[in-house]
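Remarks on the structure that follows.
Every read-out reported here was derived from the displayed coordinates using simple, explicitly stated rules and does not represent laboratory data. Predicted model only: the values in this text are computed from it and were never measured.
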Amino acid sequence: MKSYPYVVKTYIGKVSDGGVGGQEVVVVKVEHLSSSSSMNYDDCALPHIKRHSPDGFNWGYGGSGPADLALSILTDYFGKDSEAVAYYQDFKSDIIAALPIDENWILEEKEIIAWWKGYKSGDVREKRRG
């Protein structure tokens with residue numbers, strides 16, 4: 001059972017008009033204040049951690065825009081860069097590259113948690129090899 005208050009994050013990718021680089025990703029944070037339906041909502045642009053792509057985020061394939069998106073999501077999720085840097089390329093391959101190219105998408109925190117648990121247990125890595 002979760003204790004209150006707690007925050008749940010959802011990541012939303014939005015295709016820009018041109019559909020080439022610089023796609024928008026929004027983080028929606030929902031703070032559950034009590035066991036009732038009392039909540040606060042906050043949304044903001046996901047900060048772009050520039051490591052590979054000067055053009056910004058992208059998804060649906062294994063390139064530089066998806067790599068920066070994976071790094072930025074994991075840094076936001078973990079709250080620290082060191083965890084994200086160690087695992088973002090695998091997260092890109094498993095999750096970000098599988099998102100629908102040229103389409104909007106939603107990635108919920110529970111999906112990141114499921115990937116992380118599978119990765120740490122070795123299940124995700126075994127599927128990739130097999």
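Amide H contacts of Val15 (H built 1.01 Å from N, in plane; Pro and chain starts excluded): Asn104 sit under 5 Å, all sequence-distant by 5 or more or on other chains.
Rounded, prolate or oblate: which one fits region 6-124, using the alpha carbon gyration tensor with axes a ≥ b ≥ c (rounded when a/c is under 1.5, else prolate when a/b beats b/c, else oblate)? Judged from the Cα gyration tensor, region 6-124 comes out oblate (a/c at least 1.5, b/c at or above a/b).
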